[in-house]
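Note sheet for the following structure.
The values are calculated or read from the model by the stated rules, or taken from the named source; none is laboratory data. Predicted, not measured: the structure shown is a model, and the values here were computed from it. In this analysis, Cβ positions are derived from the backbone assuming ideal geometry, glycine residues included, and neighbour counts consider all displayed protein chains. Ligands, DNA and RNA are excluded from the accessible area calculation, which covers all protein heavy atoms including side chains. Shrake-Rupley method; radii C 1.70, N 1.55, O 1.52, S 1.80 Å.
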Amino acid sequence: MSERGSPGAAVDLRTALLNLSTRIAEAQSEDEVCRRVAEALRHEAFGFDGVGLYLAGTTAFEPALRASAGEFGPNAAAGSELRLPLRIDQSAIGELVVCRARGRSFSKGDLDIVTAAATQASIAIGRARLLAAERQRTSEQRALLDTLADLSAELELDKLLNAVLERAVSLLGVTGGELAVFDEATEELVIAASHNIGKDSTGTRQALSEGAMGHVALSREPLIIPDYQEWEGRSPQYADSALHAVMAAPLLIGPRLVGAIGMVNADPSRQFGREDLRLLNLFAAQAAIAIENARLFTAAQERATEQQALLDSLADLSGELELSKVLEAVLERAVTLLGVTGGEVAIYHEDAGELLVVASRNIGRDSTGTRIKPGEGAMGKVSQTLDPLIIRSYHEWAGQSPQYADLLVQSVMAAPLLIGRRLVGAIATVHSDPTRKFGQADLRRLVMFAPQAAIAIENARLFATERRRAEEQRAVLDTLTDLSRELDLSKLLHRVLERAVSLLQVTGGELATFDEWRKDLVIVASHHMPRDAVGLRMALGEGAMGQVAQTQQPLIIPRYQEWEGRSDKYTQSSLQSVIVVPLVIGHRLVGAIAVVHSDPGRAFGPGDIRLLELFAPQAAMAIENARLLAAAQRYFDSLVVN
């Protein structure tokens, strides 16, 4: 080695400095930079006995010896030290230390050399860290892309949710985790996947703000919790778990919440940092899209399945025209389609302005025949509002019907049966399991089913009505054929009344003819009445038949004993419902016919009036023909006598 200050020494120094710069520039990692700086500074031209480089940690400034050369460290002989900081963007990242044996001091030239070395080392370490970070990000992105490529190929929601969680656990190198989806209907998180957290929490519900995932779901911001058991916001559901570090992030698509994901570590020495959180955020954004795609696909599949089930149901229903069978089939299909315990179907009767339960299935008792007023109970409510309804707990619902107070139903869902805005009836489905809650998906299926069921019911009703009318007309024609053969007036009058009672399937009745001379009615036939009123005369306007004879308009009296116009001659009678029509030929009054029922549950309607009005004019002609024949016979007999 040349003497310091000699021309040869200057050449050696320049050579050493060039070697230092070259070796630093060629280093690829920060460890290699540290090692090469230490080795290059031990060149004889510099005259340093020992060199050491300390670098701080990434989470805290705790310098650690990363490289050394020569006599350096605790065992080195005491001497002089020169320490210079290593900085990146004005932030200290470590320290470069050079040593000389006792008695040898440092010159300004030494300070310049070490300063240059520290500057170059700082730049090289910064560059190496950037390259390492870039390589790490590239590697993470490649891992993310590979992960998301796998996830995007999975469209079955349950499998995807578990795959998302497993990938996240693997990607972040953690002990376990949970994934929750957001239930918009209840505004809660529902844990859909759980992995190695000490217990299977799948199905657990959490309120927004409850626990780590609830917190990030509410704030829409990720969160690191160094020690979960000491965190004030921990959920009581995890009080007995061995969780330590926890990291959670929301699953978002734009501002819309899809769910939340939580990563946990049972190792108390493992602490999550900003890089972990960054990686989880990167993953969460893509996972949210994959989950949403799978949810949309699953929803589309469910709707396709529902529509096919509806089409199959409606194909079966449209092929059935027997009303009673259609009603049972509608209810059975609805119960199967919705996967519920049971239900009811009711038909709306416009004349009475109420619903009549016509089919009942597995609700605790057979409710067929129950009459429901508009606004009463679930079906009464939807028939009044014409809007579907979900009742989460029927017995806590203020609008429950007293007729169903003894039933053990829990959740109830009802919908009106409409054709356009015209009410056909109502359908209700029930569940006895308190854990089963109806949601919007259930309501959507019922609402899809209801209008088609309404059409099937209405078609069957129209068919039943037309068939009944055809049968009624045939019965009327058969009746009139029989009556036309009877020419004895007294017998005919009784036959007319008996046929009317049979045709309308009532308790009994009376028939009166109009006496044109006295301008009143005389009862000429009585059938199964509380008393035989044959021969009784009634003024026009008196009682039911008197009023009908006067107005020549049909009349229905639902409760005769409460009717203000009742005749004093029938005050002690047990009559309930009464229906009366006039017997006329053209505008000429022949008489009146009344049919009655003693059953308070039987109410006459427009169909009964129509049938009796169909019968009445033919009966009037038969009576008139028999009266004319009787008059002709009397005239002929008088001629014979004279």
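The order of the peptides 394-406, 330-342 by mean Cβ neighbours within 10 Å, most packed first, is 330-342, 394-406.
Going by a ≥ b ≥ c, the root eigenvalues of the Cα gyration tensor, does the stretch 483-605 fall in the rounded group (a/c under 1.5), the prolate group (a/b larger than b/c) or the oblate group? Since a/c reaches 1.5 but b/c is at least a/b, the shape of the stretch 483-605 is classed as oblate.
In this label model, residue 270 and residue 81 are separated by 3.7 nm, measuring between points 7 Å along each Cα→Cβ vector. Once the Cα-Cα distance is subtracted from the 0.36 nm per residue extended length, the residue 293 to residue 386 segment shows a gain of 30.0 nm. The stretch between residue 281 and residue 531 holds 80.8 nm of extra length on full extension. This uses 0.36 nm per residue minus the Cα-Cα distance.
For the pair residue 65 and residue 142 in one chain, pulling the backbone fully straight at 0.36 nm per residue adds 24.4 nm over the alpha carbon distance. Restricting the calculation to alpha carbons of the stretch 318-383 gives Rg and Dmax of 12.2, 35 angstrom. Averaged over residues, the count of other Cβ atoms within 10 Å places the peptides 547-560, 197-210, 101-114 in the sequence 547-560, 197-210, 101-114, highest first.
Ordered by 1.4 Å accessible area with all protein chains kept, 227, 532 run largest first as 532, 227. A simple spin-label model places the labels of residue 395 and residue 253 4.1 nm from each other, with each point 7 Å out along Cα-to-Cβ. Spacing of the modelled spin labels on residue 227 and residue 88, each 7 Å from Cα toward Cβ, amounts to 3.0 nm. The value given for the stretch 329-453 is a Kirkwood hydrodynamic radius of 14.0 Å, derived from the mean inverse Cα-Cα separation.
Relative protection proxy for 497-507, 612-622, from highest mean packing down: 612-622, 497-507 (other beta-carbon atoms within 10 angstrom). Computed over the alpha-carbon pairs of the stretch 530-577, the distance histogram in 5 Å steps reads 5, 21, 29, 27, 16, 2 percent, short to long.
Here are labelled values, (1) 137, 51, 50; (2) 184, 39, 34; (3) 100, 89, 52, and one is the computed Cα extents along the principal axes in Å for what I pasted. Which one? Structure-derived value, by its label: (2).
Helix content alone sets the calculated 222 nm mean residue ellipticity of the chain: runs of n ≥ 4 DSSP H residues at -39500 (n - 2.57) each, divided across all residues, give -15000 deg cm²/dmol.
Each of 411, 194 has its accessible area taken with a 1.4 Å probe; listed largest first, they run 194, 411. Principal semi-axes of the equivalent ellipsoid, √(5λ) from the alpha carbon gyration tensor of the stretch 187-276, are 20, 16, 12 Å from largest down.
The H on the amide N of residue 259, modeled in the peptide plane, is under 5 Å from the matching H of 182, 251, each at least 5 residues off or on a different chain. Is the stretch 382-423 best put as rounded, prolate or oblate by its Cα gyration tensor, with a ≥ b ≥ c the root eigenvalues, rounded for a/c under 1.5, and otherwise prolate when a/b is larger than b/c, oblate when not? Judged from the Cα gyration tensor, the stretch 382-423 comes out prolate (a/c at least 1.5, a/b above b/c). Pairs of C-alpha atoms in the stretch 8-95 farther apart than 21 Å represent 35 percent of all such pairs.
Once the Cα atoms are used to define both axes, helix 606-641 deviates from the longest principal axis of the chain by about 10 degrees. With r as the distance between the Cβ atoms of residue 419 and residue 365 and R0 = 41 Å, compute the FRET efficiency 1/(1 + (r/R0)^6) and round to 0.05. After rounding, the FRET efficiency stands at 0.85. Classified by the C-alpha gyration tensor, the stretch 540-642 has a prolate form. Its axis ratio a/c, with a ≥ b ≥ c, is 1.5 or above, and a/b is larger than b/c. If R0 equals 45 Å, the separation of the Cβ atoms of residue 551 and residue 639 corresponds to a calculated FRET efficiency of about 0.65.
Applying a DSSP loop filter and a limit of 16 other Cβ atoms within 10 Å to the GluC sites (Glu not before Pro) in the stretch 338-386 leaves 350. For the stretch 105-121, backbone phi angles converted through the Karplus equation (6.51, -1.76, 1.60; θ = phi - 60°) give residue-by-residue couplings of 9, 9, 9, 5, x, 4, 4, 5, 5, 5, 4, 4, 5, 5, 5, 5, 5 Hz, Gly and Pro being listed as x. A 1.4 Å probe, protein heavy atoms only, puts the accessible area of residue 419 near 60 Å². If r is the Cβ-Cβ distance from residue 624 to residue 354 and R0 is 35 Å, what FRET efficiency results, to the nearest 0.05? It comes out at approximately 0.30. Once the Cα atoms are used to define both axes, helix 323-338 deviates from the longest principal axis of the chain by about 10 degrees.
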